[in-house]
Amino acid sequence: VKVAFGFPDTYELGMNNLAMKIFYNEFSKDSSIAFERTFLPFQDMMEIMSKMSIPLFTLESFSPVKEFDIFAITLPAELSYLNALKMIELTGIPLLRKERKKTPILMAGGPAVSNPVPLFPFFDIIFCGEGDHIFKKIVDIYKENDECSFYKKIEGIDGVIIPKFYEITEKGGLKIPKGKTVNIAKNNKFHIERPIDEVLIPISSITESRHEIEIMRG
């Protein structure tokens, strides 16, 4: 199974992201999953890619993201929504979920999805809460099931929102999803878990040259 994990900003910023390091560490223990990183190229690189028809690719194998099974994007802030959509556009994958057929499953998660409704038209799965081990669990379920069974089996997992299962209505100018209520996922074992074993080493200068360690969860 091939998973592309995207950070919706440049490499220099994305390599400071602790979620990426946590997931990279978690997935590296499973040789049946290729977990590769991708970032939003800077403007000059985007222009070259557009000119030469180069789709967004991963850092580890330089493979086109559109050839992966799952494309997951972490959203640390609401302002990164547009960058995430730009990343999807650069892959060559249709932006709107209803226009896609056989493409990677698109997932979004992170602190900025506490209001997931604006993301409904674009993502197949939206994850609310702390996905330390649940992201890996979702990928493991994907390995063992066809697409139809996959969605049914993950539907009951805390934090998992599947937009196609909801009906969107409007009231007073607000878009309101009608469907299953989902509990935010929490990592109740955070205080007894070991920190990440392996730290990703940047290949170039990054914005913050430091080692992060979490002391609490909010």
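Considering region 19-49, and only residues there that are without any contact (Cβ under 8 Å) to a residue 40 or more places away in the chain, more than 25 Å from residue 196 (Cβ to Cβ) and not β-branched (Val, Ile, Thr), the residue that is least open to solvent (accessible area, probe 1.4 Å) turns out to be 45.
Consider region 103-131 and keep the residues that are among the β-branched types (Val, Ile, Thr) and open to solvent by 10 Å² or more (accessible area, probe 1.4 Å). The one that is farthest from residue 166 (Cα to Cα) is 103. Entry remark, region 33-54: residues being among the small types (Gly, Ala, Ser) and either part of a helix (DSSP H, G or I) or within 19 Å of the chain's Cα centre (by Cα) (or both) number 2 in total.
From the list 178, 171, 189, pick out the single residue that is touching a Ser or Thr at 6+ places or on another chain (Cβ under 8 Å), open to solvent by 60 Å² or more (accessible area, probe 1.4 Å) and without any contact (Cβ under 8 Å) to a residue 40 or more places away in the chain.
Sole residue among the options that is touching a Ser or Thr at 6+ places or on another chain (Cβ under 8 Å), open to solvent by 60 Å² or more (accessible area, probe 1.4 Å) and without any contact (Cβ under 8 Å) to a residue 40 or more places away in the chain: 178.
Of everything in region 148-168 that is open to solvent by 90 Å² or more (accessible area, probe 1.4 Å) and either assigned to a helix (DSSP H, G or I) or among the polar types (S, T, N, Q) (or both), the residue that is nearest to residue 19 (Cα to Cα) is 153. Filtering region 77-102 down to residues that are surrounded by fewer than 18 Cβ atoms within 10 Å (Cβ to Cβ) and either in a loop (DSSP other than H, G, I, E, B) or of a type in the set (Phe, Trp, Tyr) (or both), which residue is nearest to the chain's Cα centre (by Cα)? This residue is 77. The conditions of being within 19 Å of residue 71 (Cα to Cα), in a helix (DSSP H, G or I) and open to solvent by 60 Å² or more (accessible area, probe 1.4 Å) are not met by residue 136.
The values are calculated or read from the model by the stated rules, or taken from the named source; none is laboratory data. Values in this document were obtained by computation on a predicted structure and should not be read as measured data. When we count neighbours, we look across all protein chains shown, and the Cβ atoms used for this are built from the backbone with ideal geometry, even at glycine. Keep in mind that these areas ignore ligands, DNA and RNA; they rest on the heavy atoms of the full protein, side chains included. Shrake-Rupley method; radii C 1.70, N 1.55, O 1.52, S 1.80 Å.
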